[in-house]
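Colleague: First, the structure itself, so that you have it in front of you.
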Amino acid sequence: MSDTATTTVEVNGFSCRVWTKGNGPKLGFLAGFGGLPRWVPFLDELARTRTVIVPSLPGYPGGGLGHTVLDTHLDWVLAVRRIVEKAGLAGADLVGASVGGAFAAELAAIFPGHVRKLALIAPFGLFDEADPAADPWAQRKDHVAGLMCADPAKWEALVAPPEGANSIEWPIEMTRASEAAARALWPLGNTRLEKRLGLIEAPTLVLWGDRDAVLPPSYAQKFAGGINGTTRVRTVAGAGHLAYLDQPEAVARTVLEHFS
Amino acid sequence: MKLMWFHLMPYTELPDDFNKKHPSVWVDIHSSLFDPRRAHHMYNDFMDELEYAAECGFDAICVNEHHSNGYGLMPSPNLIASSLARRTTDTAICVMGNSLALYNPPTRVAEEFAMIDCISGGRLIAGFPVGSPMDTCYAYGQNPSLLRDRYYEAHDLVKRAWTEKDTFAFSGRFNQQRYVNIWPRPIQNDPHPPIWIPGGGSIETWRWCAEMDYVYCYLSYYGYKAGLTTMQGFWKEMEKLGKDRNPYRAGFLQFVGVAESRQQALDLYTEPAEYFYGRCLHVDPRFALPPGYTTEGTQRAGIEGMMSKAANVANPATKAALKATNMKDIVDGGYVLIGSPDEVIEQIRHVGTSLNVGHLMLLLQYGNMSKDTTKYNTRLFAEKVMPHVKDLFSGWEDKWWPKPMASGQRAAVPAFRPQTVAAE
């Protein structure tokens, strides 16, 4: 990430980290469960042909304690809108994964001018009692990696403390990312997004890892069926819930094709 | 010292192979294990035991709240407390307590506690726990990241509902009520019933209790040895805040089994203790730590504590060591105090003085202990132990104890004689 610029934007009095890399038309990425405690290869893939802009969500790594003032879903959606605007992403193509996917879908539905084309990677927001999602906040510690990624080592590498990391603050930041997701989505991940999917006019890619252990791949059809704009569903082989960690190249290729 | 008799109301017939076949006693314990007709007898036995403890002269009888829990059959402790208010006369009734954030609106707690206080003639101790992760976040679906803020706001609302004289509007972050005006009102209105806070070992809770002048209760199942560090931390913090060492600022839970001799105590209490520490505490760890439930300050202190403990070799009270399920380790660890009356007297005096705790909450029923054994344990404690430990802390005033109506002013509760009525 040598040529990556790190800046911050301020929302509700809390600063959020924004990473920028590459050239070409802007492309925003809102990360999934766990956020981005470090740069990941998926972003490099996107940055080959696009200017990749990656703002942190409140409470996620780089997002400080911004989640602590967000009490309702409306608070969250408006905070994400302001972060996206301040990061210069209003009107750009937007990729949202997992937790970030739930908010990317909300932006496209409620503020259609903010999103040119949309790519959703296993987004939260719906819940089907007949095909329930796993509970990511009720897991034994050693099960989390296998739940998030098809290759558990990919998750382990994401959250492992880098050399020189503060041994007290690092685990607290990792827990905070999970708390922020819980604060927005507890207990089922159901934000009643179903009611607003019909407002999404942007051409949308719905992408799912075929080994997603959190959100059943059947949810892809529920999103596609509800969204009003042109929708394509793609499944990525050998990928779990955080498909962009498991298969960075395949996921980036599919996303870039959709945006081209 | 106040001796308080506490009941958890455990389901007493979990199968021998429970731990092998079932992942958790809490949250997703299977409904097929619950026989309502057996529970009919359990509830009635448990309520008999609480009433018996009151007859034996304990200072208080205590109930608490759990949900989806095989060792705690009181989703609503208030139901039990209201019945106890009618079947006891002078004993304090300690509801330990109502998890404030679970009530919508929280004024429900102000109302029900006021009812219990009125029915009992002002004998209520009002416990306000945050509630365990299993109860609040998993069984009741509360958001762990919002739970504490909701709790503190609910506390403010309940307290105002008890103390403000006129109808008021409450515009909170989580609760909005146009007309707050509870009827009935508590008898204890100077300014309100005593508020006690059961909590873990967080500095934030200690400071809050000190600021509000509430009793802090450490309700661990692991006894006085493991509780020593926490209570020492509590008193150190009180000293820092300029508070005195009045032992009645604190409450502590302790399991006890007393018999004629130590051997007889082992014979009587091994099975129920092993049932409790084996089956009842068989909780799936996936329900232990919802993110956000533990504040970052407490997480930080915990990580720092673990590091310093690791550096200072083993501390017997570290959580990793708290796994004993056989009687020898249970007793050696101090989870359950056992022995002859003289041996128990010595241990209770040691617990009281070493932890500096004026409110000792005793579990004399645990696990699958039968009603007969429970009554034996209760009576022997009341007759042979209580008189020799009550004098502890006699120099201190308990400012946090209920102030009931004078007994001569209270309603006469007629004896309950269903047989007589049937005969007529």
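The values are calculated or read from the model by the stated rules, or taken from the named source; none is laboratory data. Since the structure is predicted, the reported quantities are computational estimates derived from the model, not experimental observations. For neighbour counting, all protein chains shown are included, and Cβ atoms are generated from backbone atoms with ideal geometry for every residue, glycine included. Surface areas here come from the heavy atoms of the whole protein model, side chains and all, with no ligands, DNA or RNA. Shrake-Rupley method; radii C 1.70, N 1.55, O 1.52, S 1.80 Å.
Colleague: Please state the relative contact order of chain A as a whole percent: Cα pairs under 8 Å, 6+ residues apart?
Modeller: 21
Colleague: Next up: Let me check the size of region B:133-191 from its C-alpha atoms; what are the radius of gyration and Dmax in Å?
Modeller: 13.8, 37
Colleague: Here's another thing I want to ask about it. Over the C-alpha atoms of the protein assembly as shown, what are the Rg and the largest Cα-to-Cα span, Dmax, in Å?
Modeller: For the protein assembly as shown, the Cα-based Rg and Dmax read 28.4, 96 Å.
Colleague: Provide the net charge surrounding B:MET134, with neighbours chosen by a C-beta distance below 15 Å and charges set as Lys +1, Arg +1, Asp -1, Glu -1.
Modeller: Cβ neighbours under 15 Å give a net charge of -3.
Colleague: Below 20 Å, Cα to Cα, which lysines can B:LYS21 reach? Residues fewer than 8 away in the same chain don't count.
Modeller: Reachable lysines: B:LYS323.
Colleague: For chain B, which cysteines have no second Cys with its Cβ under 4.7 Å from theirs?
Modeller: B:CYS56, B:CYS118, B:CYS137, B:CYS209, B:CYS217, B:CYS280
Colleague: Which residue fluctuates most in the GNM of chain B (Cα springs below 10 Å): B:ILE61, B:ILE29, B:ILE348?
Modeller: B:ILE29
Colleague: Right, here's the next one. Among A:VAL84, A:VAL95, A:VAL236, whose mean-square fluctuation peaks in a Gaussian network model of chain A (Cα, cutoff 10 Å)?
Modeller: A:VAL236
Colleague: Okay, next question. What is the distance in Å between the Cα centroid of region A:222-250 and that of region A:100-140?
Modeller: Cα centroid to Cα centroid, the span is 11 Å.
Colleague: Which of B:LYS390, B:LYS243, B:LYS21 ends up with the largest GNM mean-square fluctuation for chain B, with Cα atoms connected below 10 Å?
Modeller: B:LYS21
Colleague: Output ³J(HN,Hα) for region B:347-356: one whole-Hz value per residue in order, computed from phi by the Karplus curve 6.51 cos²θ - 1.76 cosθ + 1.60 with θ = phi - 60°, and x for Gly and Pro.
Modeller: My calculation for region B:347-356 gives 5, 5, 5, 5, 4, x, 6, 6, 8, 6 Hz in order.
Colleague: Across peptide B:291-297, what mean number of C-beta atoms from other chains lies inside 10 Å of a residue's C-beta?
Modeller: Mean inter-chain Cβ contacts per residue within 10 Å come to 6.
Colleague: Over chain A, what is the percentage of antiparallel beta bridges among all DSSP beta bridges, to the nearest 5?
Modeller: 30
Colleague: Further question on the same structure: Enter the accessible area of B:LYS159 (Å², nearest 10), with the probe set to 1.4 Å and all protein chains included.
Modeller: Surface open to solvent at B:LYS159 totals about 50 Å².
Colleague: Quick one: what are the phi-derived ³J(HN,Hα) couplings along region B:368-373, Karplus 6.51/-1.76/1.60 with θ = phi - 60°, whole Hz, x for glycine and proline?
Modeller: Karplus values, whole Hz, x for Gly and Pro: 9, 4, 6, 4, 4, 5.
Colleague: May I ask you to list the GluC sites (Glu not before Pro) in region A:43-131 that are in a DSSP loop and have at most 12 other Cβ atoms within 10 Å of their Cβ?
Modeller: Of the GluC sites (Glu not before Pro), the ones in loops of region A:43-131 whose Cβ has at most 12 other Cβ atoms within 10 Å are A:GLU129.
Colleague: Rg(Cα) of region A:15-62 divided by 2.2 N^0.38 Å?
Modeller: The reported ratio for this selection is 1.09.
Colleague: Across region B:221-233, in residue order, what do the Karplus-derived ³J(HN,Hα) couplings come to in whole Hz, using 6.51 cos²θ - 1.76 cosθ + 1.60 with θ = phi - 60° and x for Gly and Pro?
Modeller: These are the phi-based 3J(HN,Hα) values: 8, 10, x, 6, 5, 6, x, 4, 4, 5, 5, 5, x Hz.
Colleague: Within 10 Å of each Cβ in peptide A:169-182, how many partner chain Cβ atoms are there on average? Round it to a whole number, please.
Modeller: Neighbouring Cβ atoms belonging to other protein chains average 4 per residue here.
Colleague: Also, I was wondering about something else. In Å², what does the accessible area per residue of the protein assembly as shown work out to with a 1.4 Å probe?
Modeller: With all protein chains present, the protein assembly as shown gives 42 Å² per residue.
Colleague: At a Cα cut-off below 21 Å, give the lysines reachable from A:LYS222, other chains included and same-chain residues fewer than 8 away excluded.
Modeller: Leaving aside lysines fewer than 8 places away in the same chain, those within reach of A:LYS222 are A:LYS117, A:LYS195.
Colleague: Taking the Cβ of B:ALA39 as the center, what net charge do the other residues with Cβ under 12 Å away carry, scoring Lys and Arg +1 and Asp and Glu -1?
Modeller: Overall, the nearby charge balance is -1.
Colleague: Local charge sum around B:ASP190 (other residues, Cβ-Cβ under 13 Å, Lys/Arg +1, Asp/Glu -1)?
Modeller: +2
Colleague: Right, something else. Counting only residues 5 or more places away or on other chains, whose amide H sits under 5 Å from the amide H of A:THR231 once H atoms are built in the peptide plane?
Modeller: It is A:THR204, by chain and number.
Colleague: Evaluated at 20 °C with a viscosity of 1.002 mPa s, what Stokes-Einstein diffusion coefficient in µm²/s does region B:104-256 have when Rh comes from the Kirkwood expression over alpha-carbon pairs?
Modeller: 127
Colleague: Which stretch or stretches of region A:125-168 have amide N atoms under 14 Å from the point lying 7 Å from A:ALA224's Cα along the Cα→Cβ direction?
Modeller: No residues fall inside that zone.
Colleague: While we're here: Any idea what the relative contact order of chain B is, in percent, if you count C-alpha pairs under 8 Å spaced at least 6 apart?
Modeller: 22
Colleague: Take every Cα-Cα distance within chain B, group them into 20 Å bins from 0 onward, and report for each bin the whole-number percent of pairs it holds.
Modeller: Each 20 Å bin holds this share of Cα pairs: 25, 61, 13, 0.
Colleague: Would you compute, from DSSP H runs of 4+ residues alone, the mean residue ellipticity of the protein assembly as shown at 222 nm, taking -39500 (n - 2.57) per run and dividing by the full residue count, rounded to the nearest 500?
Modeller: For the protein assembly as shown, the value works out to -11000 deg cm²/dmol.
Colleague: Using only Cα positions of region A:1-91, each an equal point scatterer, no hydration layer, compute I(q)/I(0) via Debye at q = 0.17, 0.24, 0.26 Å⁻¹ and quote the log10 values to two decimals.
Modeller: Rounded to two decimals, the profile gives -0.67, -1.24, -1.40.
Colleague: A follow-up question, please. Could you grab the relative contact order for region A:89-231? Cα pairs under 8 Å, six or more apart, rounded to a whole percent.
Modeller: Averaging sequence separation for qualifying contacts and normalising by length gives 32 percent for region A:89-231.
Colleague: I'd like the distance separating the alpha-carbon centroids of region B:31-99 and region B:343-401, in whole Å.
Modeller: With region B:31-99 and region B:343-401 each reduced to a Cα centre, they are spaced 19 Å.
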